[in-house]
Amino acid sequence: MSDPSSTARVSPPSGRSLHSVLVLAPIGCWSSGLAFDVASLFSGDPAFLVRVGTWLTGAGLVAAVVAGIAGMVAAGPIPDGTAAQRRMLAHMGLVMTLLVLYAFGLILRLAVQLGGPAVPSTLAISATGVLLVGITGWTGRAVRRSRPIGGGGRRLEAAGMESGEGSQRRDSNRRADSDS
């Protein structure tokens, strides 16, 4: 029987986790949505730009749920009571805040946008959301860096070594090279 945690280690060809690749979609959608909202303030056809911003907000929500599922799978092997788990919980709390903020923003957009430029409330929600996306990304990176197995450790684990063994092997190889 295969190891159930092995599915959490599926990575795209770039070597990054699937979650870190998938989060690019909501980040792009939400950042672009804000850009379209700001552009609507200076456009001759603001209704079209606001409509695109609304669609991007909705698409970002769907993409965030997909990325969140991949993140939950990747977070499965994080041991309880570790710094990585505390950071992961903070990251998840920020992500949930983002989802609520953008869902509220989408509802507000659908309720109050009447074909003109973006209203101040939707601009404020989008701008706050983009700022919060940056903070959330920073906490996500902190989770990745504080994990007991991550980055290079994942490659060492795939090779059947513990993280410490890799550094010990490199040190012994350096000594052997300097002796010759």
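A few comments on the model shown:
- Amide H partners (placed H, <5 Å) of Leu41, local residues excluded: Ala118
- Residues in the range 74-102 reached by a label modelled at Ser146 [backbone nitrogen below 18 Å; 7 Å Cα→Cβ]: 74-97
- Summed residue charge, Cβ within 13 Å of Ile125's Cβ, Lys/Arg positive, Asp/Glu negative: 0
Readers should treat all values here as calculations from the given coordinates under stated rules, not as data from a laboratory. In this text the structure is predicted, and so the values were computed from the model without any measurement. Backbone-built Cβ (ideal geometry, glycine too); neighbour counts: all protein chains shown.
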